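Data first, discussion second: the structure below is written as structure tokens.
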Amino acid sequence: MTRVLDARALNRALLERQLLLRRSTISAPNAIERLVGLQAQIPSDPYIGLWSRLEDFGPDDLAKLITDRAAVRMSLFRATIHLVTARDALALRPVIQPALERLFHRASPFGRQLVGVDLQRLLALGRALVEERPLTSAELRPLLHKRWPKRDPDSLAAAIGYLVPLVQVPPRGVWGASGQPRRTSLEAWLGRPLRKNSTPDALILRYLAAFGPATVADARTWSGLSALAEVFARLRPRLRTFRDEAGRELFDLTDGPLPDPETPAPPRFLPVYDNVVLSHADRTRIVRAFDRKRTGYMEGVNFGSVLIDGFVGATWTMKRDAKTATLRIALLDRLPKRDRVAVEDEGARLLMFVAAEASSRSVVLSQADAKSRTSR
């Protein structure tokens with residue numbers, strides 16, 4: 001009989017694979033590859049994501065990877081900006097390319113604006129321009145529009161963004177620095193060609209290692225790829241299967257860890273965008289079903305989340321100025337004092353990481369009609 005895994009069992013499996021049950025001693029590059037990248041629309045998010053997962057992680061551990069071109073920020077899964085190692089960028093982008101092309105032509109308004117345009121000529125010109133020097137979208141638009149003056153300039157630039165492998169170059173993404181998102185081609189930045197093997201089988205195995213056990217729909221939600229049922233059919237002899245409480249078939253590696261569902265899970269602060277929350281069609285393994293409306297996980301939400309006993313139990317925001325930093329934590333439910341203290345203590349550690357230079361750091365914990373304040 002097929003084993004049924006409830007939400008708590010899936011939660012602990014996910015946390016174990018995401019390095020969130022205990023901080024790991026592996027290196028930042030190894031963690032980035034184990035997680036198959038981190039979302040990076042907000043430049044600070046990967047730093048916070050790695051800080052929550054790694055022992056003794058410092059901002060320079062990632063900043064140096066970016067400046068040394070050992071890690072890059074580029075459009076990948078779901079056409080969102082991800083931080084990946086250089087090696088993974090060259091290997092993963094060809095696999096994800098069909099999904100990006102489908103999004104551009106079918107799901108975005110841009111493809112419809114460019115019907116009749118010779119895309120090969122457009123992409124060749126766009127690539128040449130960004131390889132001459134990294135450009136922002138605002139700089140690229142008029143250069144393309146000059147060649148196609150009757151076409152929508154936003155759509156012309158979007159074609160380059162979707163269809164040409166572009167990376168955002170430093171100082172964008174470097175801790176403590178600021179800069180507009182200037183882009184050049186991945187190949188020009190790394191001086192190496194893309195990998196030619198573009199079958200998704202190996203990618204799906206890595207997804208299961210980082211996010212499994214999971215359904216075909218889960219893998220589709222994470223990657224944006226279509227026709228994954230065929231991939232899972234090919235891989236089935238190498239996988240084991242379970243069912244979730246709704247009866248859906250879950251796939252997993254034969255050696256994928258399944259910790260005891262009662263394994264303690266310490267509080268963990270996640271950035272605004274983190275794949276642990278966004279990479280399953282059914283998020284109840286990390287966001288309790290009755291919390292979905294309250295937590296509001298959707299595009300454009302501007303707060304991070306706090307895992308309490310493994311599930312999203314609070315949200316957080318931070319306010320900073322030259323001398324002070326305040327972390328505000330909004331609990332979704334009342335907690336015993338011991339758990340409140342654990343959340344506050346982890347929040348204080350996050351503040352020390354993010355705002356070490358501040359002369360005053362405060363954690364504000366709010367819950368229903370009660371508030372508590374601690375200063376660090």
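The values are calculated or read from the model by the stated rules, or taken from the named source; none is laboratory data. Computed from a predicted model, the values in this text were never measured in an experiment. Positions of Cβ are generated from backbone atoms using ideal geometry, with glycine treated the same way; all protein chains shown enter the neighbour counts. Side chains included, ligands, DNA and RNA excluded: accessible areas come from the protein's heavy atoms. Shrake-Rupley method; radii C 1.70, N 1.55, O 1.52, S 1.80 Å.
With helices as the sole contributors, the chain gives -11500 deg cm²/dmol at 222 nm; each DSSP H run of n ≥ 4 counts as -39500 (n - 2.57), and the sum is divided by every residue.
Report, in order of residue number, the helices in the chain meeting two criteria: a C-alpha extent of 24 Å or more along the helix axis, and a mean Kyte-Doolittle hydropathy of at least -1.0; treat each whole DSSP H run as one helix. Before the final figure, lay out the partial values.
On the way: long enough: 86-102 (25 Å, 0.01); 337-354 (25 Å, -0.18).
Correct list, ordered by number: 86-102, 337-354.
In order along the range 167-182, the Karplus-derived 3J(HN,Hα) couplings, from 6.51 cos²θ - 1.76 cosθ + 1.60 at θ = phi - 60°, round to 10, 7, 8, x, x, 4, x, 8, 4, x, 9, 9, x, 5, x, 8 Hz, and Gly and Pro are given as x. Note that the range 111-170 presents 51 Å² accessible area per residue, ligands and nucleic acids not counted, probe 1.4 Å. Sorting 116-128, 33-45 by their mean Cβ neighbour count within 10 Å, with the most densely packed peptide first, gives 33-45, 116-128.
Just the number please: accessible area per residue for the range 5-92, 1.4 Å probe, all protein chains included, in Å².
Ligands and nucleic acids excluded, the figure is 30 Å² per residue.
Summing charges over neighbours of SER44, with a neighbour being any other residue whose Cβ is under 13 Å away from its Cβ, gives +1 when K and R count +1 and D and E count -1.
Solvent-accessible surface (1.4 Å probe) assigned to THR215 amounts to roughly 20 Å². Peptides 83-94, 229-240, 200-211 ranked from most to least packed by the mean count of surrounding Cβ atoms within 10 Å: 83-94, 200-211, 229-240.
For the chain, which whole-number percentage of the solvent-accessible area (1.4 Å probe, protein heavy atoms only) is attributable to carbon and sulfur atoms?
C and S atoms contribute 52 percent here.
Using θ = phi - 60° in the Karplus curve 6.51 cos²θ - 1.76 cosθ + 1.60, the 3J(HN,Hα) couplings for the range 46-55 round to x, 5, 5, x, 6, 4, 6, 10, 10, 6 Hz; x is entered for Gly and Pro. With protein chains left intact and a 1.4 Å probe, residues in the range 231-281 average 45 Å² of accessible area per residue.
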